[in-house]
Amino acid sequence: MTGTAIDRSLLGPLERRGFDVRVKHPRSEDDLARELRGAVAYLHGGEEKATEKVLRSAGHSLKVIAFLGVGYENFVDVATARALGIVVTHTPGAATDSVAIFTVQQIMNANTRNAAHLGGRHPAWRSAEDLPRELSACEIGIVGLGAIGTRVAELLRAFGIKVSYFSRTRKPEIEAALGISYLSLPELAARSDVLVVMVPESDETKGLIDFGVLGRLRKGAILVNTARPAVVDPHDLHKSMKEAHVGAAVFDGFYDENSEIANILVGDFGDRLLVTGHIASHTREAMGRMVSRAVASIEDVLTGGAIDRSPGIRA
């Protein structure tokens, strides 16, 4: 098992079956490859990448990878896992409320420029334009209306905020239930004071939020990305912040710290960035649900149980 802040008692079902559970913190691809040799299961709760090299070096003993969360494709070479007969599981829905509430909190933090925001600096209201707005006076756009995006919309509507959304699949029933509007992505950007990015990273969504979107935002808009950083093009984000289309940007997890553009963004706009370390799903309750489901999926695979072919299980 990898990761931190995991309740060891939740691993009890595996230990009672006689499995030796080891908690590791690999620092490199070679570290992970070495730790997985001889392992029959891998509970992935960290930020490491299970590459083709890692999976092939594990040999034929590895039967299942249980990923905490939903974006497993960015951390596990699924094609190699499939070729080797390794089952990959994940935990959809386990952290919906945690991530949604965290996202709404970050919208508020960025809007008020509170002391915890922007490197701990206290805000200086130099003009009327600098003052925060009441969120009920703002229009908020959500890109991606899956379970988390829907929950974000529900929470925002409780504050009387006008919400619109874009999704590859339109959701008329949710529109009617919550009183929200569907717009194309360019239209959504043009009408948003706050743009919330809530789509998973994939080949289709990488760089989806580019200057064609950011450049249409209302001047000084807030960008909140609690999905994966790569969904927002970093070069176009820099251009948009330079031209003041984006007044503040919020990320839960940032671009590779060794990348040039990441350093440029921080150097040029550090006082307008709010970055947390991929912690949106890290509540006691969400972590408990994710670990319990991961453990159950490992038990199913290793004991020959009937694998539930639900969205949480991938062959």
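Read the figures in this text as sums done on the coordinates, not as results from a lab. This is a predicted model, so every value here is computed, not measured. Virtual Cβ from ideal backbone geometry, glycine too; neighbours counted across all protein chains shown.
Filter the GluC sites (Glu not before Pro) in the stretch 1-60 to those in DSSP coil with at most 15 other Cβ atoms within 10 Å of their Cβ, and list the result.
Details: sites: 15, 29, 35, 47, 48, 52; in loops: 47, 48.
Sites meeting the loop and neighbour criteria: 47.
Report ³J(HN,Hα) in whole Hz for each residue of the stretch 57-67, in order, from the Karplus equation J = 6.51 cos²θ - 1.76 cosθ + 1.60 where θ = phi - 60°; Gly and Pro get x.
6, 5, x, 8, 6, 6, 10, 8, 10, 9, 9
So what's the angle, to the nearest 10 degrees on a 0 to 90 scale, between helix 260-269 and the longest Cα principal axis of the chain?
Between helix and principal axis, roughly 40 degrees.
What ranking do 89-95, 281-287, 18-24 get when scored by the average of other Cβ atoms within 10 Å per residue, highest first?
Values: 89-95: 21.9, 281-287: 17.4, 18-24: 11.7.
The peptides rank, most packed first, as 89-95, 281-287, 18-24.
Among the GluC sites (Glu not before Pro) within the stretch 178-237, which fall in a DSSP loop and have no more than 11 other Cβ atoms within 10 Å of their own Cβ? Mind showing how you got there, number by number?
Numbers: sites: 187, 201, 204; in loops: 201, 204.
Sparse-neighbourhood loop GluC sites (Glu not before Pro): 204.
State to the nearest 20 debye the size of the charge dipole of the chain about its Cα centre, where the only charges are +1 on K and R beta carbons and -1 on D and E beta carbons.
Using Cβ point charges on Lys, Arg, Asp and Glu, the chain gives about 440 debye.
Taking the dipole about the Cα centre of the chain, with the C-beta of Lys and Arg at +1 and of Asp and Glu at -1, give me whichever of 182, 91, 76 is farthest to the positive side.
Ranked along the dipole, the leading option is 91.
Taking other Cβ within 10 Å of each residue's Cβ, how do 17, 34, 191 sort, fewest first? All intermediate terms of the calculation are to be shown ahead of the outcome.
Numbers: 17 11, 34 14, 191 18.
Lowest count first: 17, 34, 191.
Of all DSSP beta bridges in the chain, what percent run antiparallel (nearest 5)?
Expressed as a percentage, antiparallel bridges in the chain total about 5.
In square nanometres, what is one fourth of the surface area of the convex hull spanned by the alpha carbons of the chain?
Quarter of the Cα hull surface area: 16.8 nm².
Can you tell me which lysines have their Cα less than 27 Å from the Cα of residue 53? Leave out same-chain residues fewer than eight positions away.
24, 63, 206
Go ahead and estimate [θ] at 222 nm for the chain from helices alone: -39,500 (n - 2.57) per DSSP H run with n ≥ 4, summed, over the residue count, rounded to 500.
Computed mean residue ellipticity for the chain: -10000 deg cm²/dmol.
Once you have the Kirkwood Rh of the stretch 96-276 from its Cα pairs, apply Stokes-Einstein at 37 °C and 0.692 mPa s and quote D in µm²/s.
Working: Rh = 16.2 Å.
Rounded to a whole number, D works out at 203 µm²/s.
Dipole of the stretch 96-276, Cα-centred, from +1 at each Lys and Arg C-beta and -1 at each Asp and Glu C-beta, to the nearest 20 debye?
Approximately 500 debye in magnitude.
Kirkwood Rh, Cα Rg: Rg to Rh for the stretch 1-99?
0.95
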